[in-house]
Amino acid sequence: MSQQENLPFEERYYQPPYKALYRESMEYPEKFWRKMAQELEWFSPYEKVLNDSNAPFFRWFEGGKINVTYNSLDRHLKERGNKVALIWENEKGENRSISYLQLYNEVNKFAYALQQLGVKKGDRAVIYLPLMPELPIAMLALARIGAIHSVVFSGFSVQALVDRINDAKAKLVITTTHTLRRGKRVELKGIVDQAVEQTPSVEKVLVIKRDEEPKINEKRDVIYQELTRRMPYKKVEPEETSATDPLFILYTSGTTGKPKGIFHLHGGYGLWTYLTTKWVFDLRDNDVFFNTADIGWITGHSYIVYGPLQNGATTLMYEGVPDYPSPDRWWELVEKYGVTVFYTSPTAIRTLMRYGEEWVKNHDLSNLRILGSVGEPINPEAWRWYFKNVGGSQLPIVDTWWQTETGGIMISATPGLGNYMLKPSANGLPLPGVDADVINEEGLPAKAREKGYIVVKRPWPGMLAGVWNDPDRYIKTYWSKFQGLYYPGDYAVKDEDGFFYILGRADEVLKIAGHRIGTREIEDILISHPAVAESAVIGVPDPVRGEVAVAAVVLKQGHSPNEQLKKELEDYVKKNLGAIVVFKGIYFVTKLPKTRSGKIMRRLVRAVISGQNLGDTSTLEDEASVEELKKAIEEFTKEIREQQKP
Ligand code: WTA
């Protein structure tokens with residue numbers, strides 16, 4: 001016999017665990033979720049995996065008692081008490097490393113302070129803080145006592161804050177004096193002071209002191225350091241919350257002016273962020289995870305705080321922007337802390353691309369193992385740059401698709417389950433438990449490469465529990481376009497291999513630098529300006545930010561269009577809504593294209609602005625409105641060309 005014949009030829013080949021796990025999750029969901037839920041610690045067992053008797057208000061692990069902070073802190077103390085849980089650094093290079101034990105102590109102290117202020121289970125507190133350690137500490141402390149946190153991104157301004165506090169009827173606001181942005185102070189307490197004038201539910205404002213004495217209103221404000229200075233150290237046992245008790249509300253933009261209070265629960269959300277962190281980022285004991293998002297958005301909730309901490313990982317948070325003081329700030333941090341898993345947004349990559357690759361090359365990034373992207377579709381050019389320069393043409397890029405509503409990642413490669421299969425610009429395959437598909441307008445499965453809507457065909461533990469105070473809106477927004485299916489509002493295609501490609505929003509929601517913002521929210525602010533009668537806002541592509549806003553504005557009588565007013569309106573939106581709203585242009589017109597019944601035809605505004613065919617205009621009331629908008633744009637383009645002449 002020749003040697004060759006002796007070789008044990010095997011017909012089967014190795015399959016990553018992903019495949020089997022996915023199949024199991026679809027075929028035996030009950031058994032699958034029971035097994036998964038065992039990885040967390042429960043105060044008492046649940047009765048039912050999924051209660052679907054009140055669909056679409058699905059409830060996971062009903063009857064069980066669990067607190068996400070117990071799984072994030074207490075359970076690690078024995079094995080990892082001295083392991084670093086949280087690393088924080090700011091623009092100036094000041095930093096803190098907080099071990100699991102220290103974080104546990106800080107959270108207990110904060111929770112005790114909250115109790116002194118009368119905060120109880122089920123109460124809502126709004127957190128308006130920059131990326132400082134007290135932000136996750138406050139979240140965990142509130143969750144520990146069963147209160148509900150609602151973090152408002154610190155880049156939002158007065159009106160956005162007022163709306164969110166009022167909708168949640170928060171009794172406490174937690175803030176600080178300021179943050180630094182590109183070396184400049186950004187005042188936060190001043191914004192809270194203005195906001196709470198208009199929020200009757202707020203009883204107290206808890207102020208975290210930074211380097212100076214905050215100016216306070218004696219009746220209302222409490223300085224955290226003063227409250228806790230003479231306080232005895234007391235452990236606060238975690239509230240034995242039900243799996244179905246709300247953990248947080250996070251407001252996000254939809255198609256009306258009023259933001260939606262998406263709320264998530266201790267059990268399902270906790271499990272989903274725990275599992276997805278493990279499956280996608282493959283976090284192991286000596287990993288350092290750097291997610292560049294702000295905790296004011298869902299990405300930070302799930303993958304700076306709850307996912308990594310429940311996994312006992314080390315998570316790094318950076319209070320600053322990527323290109324200040326220089327465009328290698330992030331690479332400096334990656335090198336300094338030996339970051340192994342790095343998660344960011346396409347906008348950030350496009351921003352850094354413009355500075356050139358030299359800024360990356362000067363750093364030793366050899367500890368990196370996995371790269372991630374989130375928030376918007378990543379264009380091939382940015383993908384290649386990220387892959388080549390940051391990943392040294394070797395590392396997997398997990399392009400994770402998900403939403404505030406889904407709680408955690410839904411579609412992505414899963415290195416933690418051995419699935420490294422990647423295609424540039426594809427998000428990948430659904431995670432175990434995610435029954436996703438692409439369907440067309442008629443509700444039928446789309447063919448391979450046919451554009452349609454992404455849907456999720458059965459509930460999963462991380463799903464939103466509802467829209468705060470608005471059950472009808474929950475049903476209408478997510479469960480009505482296609483009967484019995486969850487509708488995320490994104491266009492997508494699937495290829496022959498079952499890979500999903502998410503193409504972008506199918507509704508009136510913009511993604512400016514990955515930040516989700518509704519066109520109606522911007523319009524409502526514009527209309528509140530004394531000079532504005534009407535406005536229509538649309539999104540147009542932008543090479544760096546992905547998308548930016550354009551507004552067509554009708555002025556009130558007695559106001560005339562001029563450059564100064566344009567600037568004033570832009571500043572007004574930034575001041576009232578937030579600096580994240582970036583305009584490409586504001587056009588003044590005397591009327592907007594409307595239907596005969598008076599509805600603004602945004603589709604036409606969009607077609608004119610992007611120079612596309614107008615399509616069907618039979619319902620248009622007044623053709624002249626379109627002509628006028630065209631003219632305004634022509635003049636604007638001419639102006640820009642004039643300005644650009646040498
Ligand atoms: C978009 C952010 C393409 C999508 C986690 C979704 C993406 C919206 C991706 C949710 C991605 C998020 N590829 N598009 N990898 N990730 N999106 O609630 O349009 O701020 O519906 O959650 O972002 O935005 P949100």
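Treat every Asp and Glu Cβ in the stretch 418-484 as -1 and every Lys and Arg Cβ as +1, leave all other atoms uncharged, and give the resulting dipole magnitude about the Cα centre to the nearest 20 debye. Please report the intermediate quantities before stating the final value.
Details: 9 positive and 7 negative charges, 37 e Å.
For this selection, approximately 180 debye.
Please get the size of the charge dipole for the chain, origin at its Cα centre, with Cβ charges of +1 on Lys and Arg and -1 on Asp and Glu, quoted in debye to the nearest 20.
900 debye
Quick one: Ile586, Ile409, fewest Cβ neighbours within 10 Å first, how do they rank?
The order, fewest Cβ neighbours first, is Ile586, Ile409.
Can you give the net charge of the other residues whose Cβ lies under 15 Å from the Cβ of Thr252, counting K and R as +1 and D and E as -1?
Within the 15 Å Cβ shell, the charges total -2.
Take every DSSP beta bridge whose two residues both sit in the chain, then give the antiparallel share in percent to the nearest 5. Walk me through the numbers before you get to the answer.
Values: 57 of 98 bridges.
Around 60 percent antiparallel, to the nearest 5.
Enumerate the calculated ³J(HN,Hα) couplings along the stretch 599-609 in order (Karplus 6.51 cos²θ - 1.76 cosθ + 1.60, θ = phi - 60°), each rounded to whole Hz, writing x wherever the residue is Gly or Pro.
Running phi through 6.51 cos²θ - 1.76 cosθ + 1.60 with θ = phi - 60° gives 7, 5, 8, 4, 4, 6, 4, 5, 4, 5, 5 Hz.
So which aspartates and glutamates can Lys599 reach, going by Cα to Cα under 13 Å and dropping same-chain residues fewer than 8 places off?
By straight Cα distance, Lys599 reaches Glu534, Glu621, Asp622.
Which trypsin sites (Lys or Arg not before Pro) in the stretch 598-640 sit in a loop by DSSP (not H, G, I, E or B) and have at most 16 other Cβ atoms within 10 Å of their own Cβ?
Listed in order of number, the matching sites are Lys599.
Find which of Val548, Val532, Met410 sits farthest along the positive direction of the dipole of the chain, computed with +1 on the beta-carbon of Lys and Arg, -1 on that of Asp and Glu, about the Cα centre.
Val532
Express as a percent, rounded to the nearest 5, the fraction of DSSP beta bridges in the stretch 516-644 (both residues included) that run antiparallel.
65 percent
In the stretch 419-516, with Lys and Arg counted as +1 and Asp and Glu as -1 at Cβ, which of these residues, Asn469, Phe500, Gly484, has the Cα nearest the positive end of the dipole, that is, farthest along it?
Most positive-ward Cα: Asn469.
Run the helix sum for the chain: -39,500 (n - 2.57) per DSSP H stretch of 4+ residues, divided by residue count, reported at 222 nm to the nearest 500 deg cm²/dmol.
-8500 deg cm²/dmol
Of Thr241, Ser253, Ile216, which is farthest along the charge dipole of the stretch 199-255 in the positive direction, counting Lys and Arg as +1 and Asp and Glu as -1 at C-beta?
Ile216
Can you give me the Cα centroid spacing of the stretch 239-313 and the stretch 138-210 in angstrom?
20 Å
Using a 10 Å cut-off around each Cβ, can you sort Tyr128, Tyr355 from fewest to most neighbouring Cβ atoms?
Tyr355, Tyr128
Can you flag which of Lys423/Lys630; Lys556/Lys631; Lys361/Lys494 are past 30 Å Cα-Cα?
Check vs 30 Å cut-off fails for Lys423/Lys630; Lys361/Lys494.
Could you list which residues have their amide H under 5 Å from that of Ile223, counting only those 5 or more apart in sequence or on another chain, with H placed in the peptide plane?
For Ile223, the qualifying residues are Val207.
Once label points are set 7 Å from the Cα along Cα→Cβ at both Glu237 and Arg210, what is their separation, rounded to one decimal in nm?
Result for the modelled spin labels: 3.9 nm.
Please give me the summed charge of the neighbours of Pro541: other residues whose Cβ is under 13 Å from its Cβ, Lys and Arg +1, Asp and Glu -1.
+3
Please compute the contact order of the chain in relative form: average sequence separation of alpha-carbon pairs under 8 Å and at least six residues apart, divided by the residue count, as a percent.
Answer for the chain is 12 percent.
Straight-line reach from Lys584: which aspartates and glutamates have a Cα under 12 Å away, not including same-chain ones fewer than 8 places off?
Straight-distance partners of Lys584: Asp542, Glu547, Glu570.
What relative contact order, as a whole-number percentage, does the stretch 516-644 give when Cα pairs under 8 Å and 6 or more residues apart are counted?
Value for the stretch 516-644: 21 percent.
Please report Val605, Val548 as a ranked list, fewest other C-beta atoms within 10 angstrom at the top and most at the bottom. Before the final figure, lay out the partial values.
Values: Val605 25, Val548 19.
If I rank by nearby Cβ atoms, fewest first, I get Val548, Val605.
If packing is taken as the average count of other Cβ atoms within 10 Å, what order do 314-327, 292-305 fall into, highest mean first?
Going from most to least packed, we get 292-305, 314-327.
Less than 9 Å Cβ to Cβ from Leu510, Lys/Arg counted +1 and Asp/Glu -1: what total charge do the surrounding residues give?
+1
Read phi for every residue in the stretch 438-447 and hand back ³J(HN,Hα) as whole Hz from Karplus 6.51 cos²θ - 1.76 cosθ + 1.60, θ = phi - 60°, with x for Gly and Pro.
Working through the residues one at a time gives 10, 10, 8, 3, 7, x, 9, x, 6, 6 Hz.
Rounded to the nearest 5, what is the percent of antiparallel bridges among the DSSP beta bridges in the stretch 143-261? Don't skip to the answer; put the middle values down first.
Working: 6 of 15 bridges.
Roughly 40 percent of the beta bridges in the stretch 143-261 run antiparallel, per DSSP.
Here, each number is a calculation from the coordinates, and none is a lab measurement. Just so it is clear, the model here is predicted, and its values are computed rather than measured. Ideal geometry is used to build each Cβ from the backbone, glycine not excepted, and the neighbour counts take in all protein chains shown.
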